[in-house]
1. State in Å² the accessible area per residue of the chain; use a 1.4 Å probe, count heavy atoms of protein chains only, and round to the nearest integer.
2. Report the accessible area of R148, computed with a 1.4 Å probe over the heavy atoms of all protein chains in place, in Å² rounded to the nearest 10.
3. In nm, to one decimal, how far is the modelled label at S81 from the one at A167, with both set 7 Å along Cα→Cβ?
4. Where the accessible area of the chain is counted over protein heavy atoms with a 1.4 Å probe, how much of it, in %, is carbon and sulfur?
5. Please work out the C-alpha center-to-center distance from the stretch 70-125 to the stretch 128-147 and express it in whole Å.
6. Run through the DSSP bridge list for the chain and note the antiparallel percent, rounded to the nearest 5.
7. Taking the Cα centre of the chain as origin, work out the dipole magnitude from +1 charges on Lys and Arg Cβ and -1 charges on Asp and Glu Cβ, in debye rounded to 20.
8. Count the net charge of all other residues whose Cβ sits under 12 Å from the Cβ of V142, scoring Lys and Arg as +1 and Asp and Glu as -1.
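The values are calculated or read from the model by the stated rules, or taken from the named source; none is laboratory data. Since this is a predicted model, take the numbers as computed values, not measurements. Quick reminder, even Gly has a Cβ in these numbers, built from the backbone with ideal geometry, and neighbours come from all protein chains shown. Ligands, DNA and RNA are stripped out before the accessible areas are found, and what is left, the full protein with its side chains, is counted by its heavy atoms. Shrake-Rupley method; radii C 1.70, N 1.55, O 1.52, S 1.80 Å.
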Amino acid sequence: MSAAVPLIEICVEGIDGLLAAEAAGADRVELCASLVEGGITPSLGTVREALKLATIPFHVIVRPRGGDFLYSEAEFASMVSDVAALRELGVAGVVVGCLMPDGNIDEPRMSALVEAAGPLAVTCHRAFDMTRDPHAALEALVRAGVHRVLTSGQRDTAVEGIDLLAALVKQAAGRIVIMGCGALAPDNIGAVRAGTGMTELHFAALKDVPSAMRFRNPNVGMGGSDLDREYRNTLTDGELVAATIAAARA
């Protein structure tokens, strides 16, 4: 549907992930911490160092914790504060999402976050995929002034959600960017792009690598029952990023 070269955003964890995605040809990065939880806000120290090293723009997720997208007053206040701090640092954009208990977009809170962001680009993350009515949610985001929405079409994969993705692109009609995601890979990204007309695509190309630690304590784990987690790192796979970008632009 779209002849334009698609913009490719890579979801990464930390500065090393950003640099790997950049070297592999990414146009933009979503900078996160803790992708095992779906991404939470990275530290301001991480953001400052990223600003020193990055040569492509990056958007920073503002999500105070894992779990749902229904935040307490204190959590929401921390989000507004984080957005203000990121605006002052000069990042290119922020990535946020707040829902109401009934599954609708929390429009007042999203509007407040857009206001706090000022000139920064604002993306609604996949909280959108948890909404009751995606078409109503899209209109709420437009009213709130959000610039783009990240979505897999409310399915686990973009391939499964392709019909809704195409419908959302049509509904958006240029008022907001529909950025597609959901298990995008070299063997499917071209078809998803062609079948939806999306101009921005987002994916994480990750691989697990063993820790370089020579000493390992097998008797304790820092997070849950996965005792190997402290000796396994999840990194951005530059070769897979490059291959997927090439497939998207073929």
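1. Values: 11360 Å² over 250 residues.
Averaged over the residues of the chain, the accessible area is 45 Å².
2. Around 20 Å² of this residue is reachable by solvent.
3. 4.1 nm
4. Working: 6330 of 11360 Å².
Summing carbon and sulfur atoms, their accessible area is 56 percent of the total for the chain.
5. One Cα centre to the other: 14 Å.
6. Details: 7 of 34 bridges.
Counting only bridges with both partners in the chain, antiparallel ones make up about 20 percent.
7. Working: 21 positive and 31 negative charges, 80 e Å.
Computed about the Cα centre, the dipole is about 380 debye.
8. On the way: positive: R143, R148, R175; negative: E107, E139.
Net charge around V142: +1.
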